[in-house]
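A.B. asks: Questions regarding the structure given below will be posed in turn.
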Amino acid sequence: MFINRTPLKKTTANRDAVLNRETGSPVEVFCRLRPLPEGECETCIKVLSATELVLFSPEGFKNGVVKESHYEFSHILTDCISQKAAFKELCLPLIDDLIQGKSSVLFTYGITGSGKTFTMMGPLNNPGLIPRSFDLLRSDRQNGYEILSESDIVTERSRKEIFSKGQRIKAPQSKQLREDARGRPYIKDVKEIEVRSAEEAIELLNIGLKRRRIAHTQLNTESSRSHSVLSLRLVQFHADIPPTSLTRDDLTVSQIHLVDLAGSERVNRAKTAGDRVKEASNINSSLMVLRQCFETLRENQAQGINKMVPYRDAKLTSFFKSYFDGEGKIRMILCVNPAVDGYEEIQHALKFGDLTKDVVVPRAPAPVPLRNRNILREIVNSGSDTVSNQAPSPTIFQEFYSTALVAPFPPFEYSIETDEDTINNLQNHLTKRIEERRRLTAIIHEQEEYLRKYILELSTEYDQYLAEHDELKKENEQQSKTIKHLQTRIKLLEKSQNDYVKTNSNYERDIKTLKSQIEERNNEIKQLKADRRKDKNDFENKIRVKMMDVEQQHLNELRNKDLQMKELERQHEDKLNIIRSMAGGMSDQPTSLTTTRIAHAEFAQIQTNVQVFDIENNNPPAAGQSLDMMDRIQHHRVEMMIPRGIPIEQIPIVYSDSQGQVVAHPRQQHRRSRSSGEVWFDHRPQGTLTTETLLQPQFSKKVIGLQPEKDDIVRTTKYVLTHQNLDSDGEIVTDLVKGDVLQSVGGGANVIFNDVERLTCKSPPNPLVIQKRAKSEERLLQETRTPKSPSRQPPEVPPKRFRI
Ligand SMILES: Nc1ncnc2c1ncn2[C@@H]1O[C@H](COP(=O)(O)OP(=O)(O)OP(=O)(O)O)[C@@H](O)[C@H]1O
């Protein structure tokens, strides 16, 4: 409560905007004019009063019209103002504030060679603000620090080291700027040295100044090439507080920063080159940030807006940011060289000063006076809200009061009559007083020792806190970076996940489309296959029909040839039969029935119909007509016609009887076809049955007509054609042509013939007949010399003897 010095948080909304001269204190801007440099005689500034001056443009500047600009400042120090008077005006109030526990920043600003360093440091014989401040703060040794404790010895040793090291001047290294737990900036790795006297402080300052970059430029023989910041920290505590009960709250820490800025300069005017140009640009850029900060603050306050102030754009402004936030006063000394040739830069600097004085910074809370602290603490501890009028009695004073040191002297008046007792009393009193003083001195020393240790501990603790804070801050920054990195990664991952989802949905859509296309294609393929199958079947049917036509044609041709051959054969047979009948030798050996299968290819040559005709008359015999042997001979031959549809069991089977006559099977001899037509037998005496062909489909339990109906075929799966013929040996050959009935696409039926079974009836061969027969056949073959179709060639069987 009573030490609340926490600076206003930057997060306070529109803080700058609501600041006014009641709530804040304006930046104080002082102007100090230096004497004209040697060789210069024309000035462009005229001081009108202690606070106002006017700037004239030089003759012939721009359009030739002399321009006057008026500027007001807190105070204008003319060139005749001494360093001492300047200190009194510019710095003394701030030193007073420092002692009061208030902090402040005092900085010089101006173009190069305008007297900033002169004002701040001054020559040895004419010291500036800093040495004078040191001198003012010179310790009066009231605290009695002469007696060195152990810690003093250590501190002293380290200080000596620093001083001796300071003699070996190293090039300055760049330092990092950090913030402490309360958000106040500090420079890392900068040593704070406790000084005992102004001389020591000045000695340290000189070491620092030696390390400051200085270079010769056209405008200044010793131009500062870097900003110089001297920070004085004053730690105070009330002597009433016993060191044993001293806490951090009992300390008052105030600072004053004395800043000598490097001068702004125009490179061409300063005629700088090389490294100087780089330095100038660095200097100018940090000064520009300083200007921008002030400009933004003024803009915010004038317009009631909350534009971000670019403190962090330069180390200089970052370091003093807390002062812009209300840590303490800000005071600027605008140093001006009034020589006319620097008119433009002077105008620039004066404008900046004019602008800066309008800026208001928050007012720092007034520090609690040290002597009131214990009272306030008592109030806080006791919970009382009224300030007691009775001052507390610190322990140390109680001791004082209880001793003879503070007891009144015994009444003493020296005269001749003064008795010895009185003198003794006085002597005793003085002795006690001396002893008490010694005792108290010892106590004070002890307490001072304790206090030093305590301050050292606090300082160490503070440093540790700072180090910890730095570590934590680093860690925090690292974690923030990691979090940022992770957030970026998460965003990227989310983006890529979204992309994947999109791509996936696109793929799924494509897959669906492809599936439907595949389905369509499959249907098309099925359709095509069905069409092709149908085409194939149609084509096969056409081929089959064509083949059958061709076969039919071919068979007709073959049949004609066969008939011709048979005619020839018959003629030979007739001749042979005549010879046989004349020879009269017949065999009584029984016939045997054998079965032979013929190749499927021969099937094409089998006739499916027969034409029955009488060779002689070309007429069939009349029904019931009986022909004797001679008739048969005379008629040569009678073909037999068996109409289609006659079951196989009705087909006559021919045997030769004991007389050598050809007779029908007893059970079939006189049977007529139940369906139609007559059964004709060949009555030739040799018993040669010349039935050409009988092809007959076989259906169960139904007698069908010449052409089977569709229904007849649909109901069955097998198809058999029976064909009987006589071979060249006169044996009956029965061919069973077998086929499968297949349903056609068009609803009909196709018969595929795939097997032929041949049944032959064989008689034992008569060697004589065979011999003769072979000879005649050979002769016949020689005569005809016509190749027979393989299907028409009879199977190779040994020659047979017929009992005809
Ligand atoms: N008020 C003054 N009285 C007498 N001499 C002065 C005064 N001000 C400045 N000078 C002289 O002017 C010269 C330049 O001054 P100074 O070095 O202080 O300028 P500066 O502004 O610090 O320059 P820079 O920015 O280049 O460091 C010095 O020789 C200094 O002695």
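A.B. asks: Kindly state, to the nearest 0.05, the FRET efficiency for Leu458 paired with His348, given R0 = 30 Å and r defined as their beta-carbon distance. Before the final figure, lay out each step's value.
C.D. replies: On the way: r = 46 Å, r/R0 = 1.55.
For Leu458 and His348, the calculated efficiency is 0.05.
A.B. asks: Any of Lys84/Lys329; Lys102/Lys357; Lys46/Lys329 with alpha carbons more than 25 Å apart? Name them for me. Numbers along the way, then the final one.
C.D. replies: Values: Lys84/Lys329 22 Å; Lys102/Lys357 20 Å; Lys46/Lys329 29 Å.
Violating the 25 Å Cα-Cα cut-off are Lys46/Lys329.
A.B. asks: Still on this structure, please answer the following. Once fully extended, how much extra length lies between Glu200 and Ser231, figured as 0.36 nm per residue of separation less the alpha-carbon to alpha-carbon distance? Intermediate results must be reported in sequence, preceding the final value.
C.D. replies: Values: separation 31, 0.36 × 31 = 11.16 nm, distance 1.47 nm.
Roughly 9.7 nm would be gained on extension.
A.B. asks: Same structure again: Provide the packing ranking of 727-737, 478-488, 445-455, 119-129, i.e. peptides ordered by the mean count of other C-beta atoms within 10 Å per residue, highest first. Working shown, then result.
C.D. replies: Details: 727-737: 20.7, 478-488: 10.4, 445-455: 15.9, 119-129: 17.7.
Highest mean packing first, the order is 727-737, 119-129, 445-455, 478-488.
A.B. asks: Also, quick follow-up: Compare Ile443, Ile283 by solvent-accessible area with a 1.4 Å probe and give them largest first, with all protein chains kept in place. Display every interim value, and only then the final one.
C.D. replies: Numbers: Ile443 30, Ile283 10 Å².
The residues order as Ile443, Ile283, largest area first.
A.B. asks: Sticking to Cα atoms, compute the Rg of the stretch 423-575 to one decimal and its Dmax as the biggest Cα-Cα distance, whole number, in Å.
C.D. replies: In Å, with Rg to one decimal and Dmax whole: 62.0, 209.
A.B. asks: Roughly how many Å² is the accessible area per residue of the stretch 423-575, as a whole number, for a 1.4 Å probe? List each step's numbers first, then the result.
C.D. replies: On the way: 12760 Å² over 153 residues.
Normalised by residue count, the accessible surface of the stretch 423-575 is 83 Å².
A.B. asks: What distance in nm separates the two pseudo spin-label positions at Asn63 and Arg312, each 7 Å out from Cα along the beta-carbon direction?
C.D. replies: 4.6
A.B. asks: Give me, ordered by chain and number, the residues 5 or more places off Asp755 or on other chains with an amide H under 5 Å from its own placed amide H.
C.D. replies: Amide H neighbours of Asp755: Lys738.
A.B. asks: Please compute one quarter of the surface area of the Cα convex hull for the stretch 308-373 and express it in square nanometres.
C.D. replies: Values: hull surface 28.0 nm².
Computed as one quarter of the Cα hull surface, the answer is 7.0 nm².
A.B. asks: Next up: Between Tyr465 and His70, what length comes free when the chain is fully extended (0.36 nm per residue of separation minus the Cα-Cα distance, one decimal in nm)? Don't skip to the end; give the middle numbers.
C.D. replies: Values: separation 395, 0.36 × 395 = 142.20 nm, distance 5.08 nm.
Taking 0.36 nm per residue and subtracting the Cα distance, the gain is 137.1 nm.
A.B. asks: At a Förster distance of 51 Å, what's the computed FRET efficiency of Leu568 paired with Asp755, Cβ-Cβ distance as r, to 0.05?
C.D. replies: On the way: r = 32 Å, r/R0 = 0.63.
My answer for the efficiency is 0.95.
A.B. asks: So, one more: Run the quick spin-label model on Gln487 and Glu475: label points 7 Å from Cα toward the beta carbon, then report their separation in nm to one decimal.
C.D. replies: 2.1
The values are calculated or read from the model by the stated rules, or taken from the named source; none is laboratory data. Note that the coordinates shown come from a computational prediction; the quantities given were computed from them, not determined experimentally. All Cβ positions, glycine included, derive from the backbone under ideal geometry; neighbour counts span all protein chains shown. Heavy atoms of the whole protein, side chains included, go into the accessibility calculation; ligands, DNA and RNA do not. Shrake-Rupley method; radii C 1.70, N 1.55, O 1.52, S 1.80 Å.
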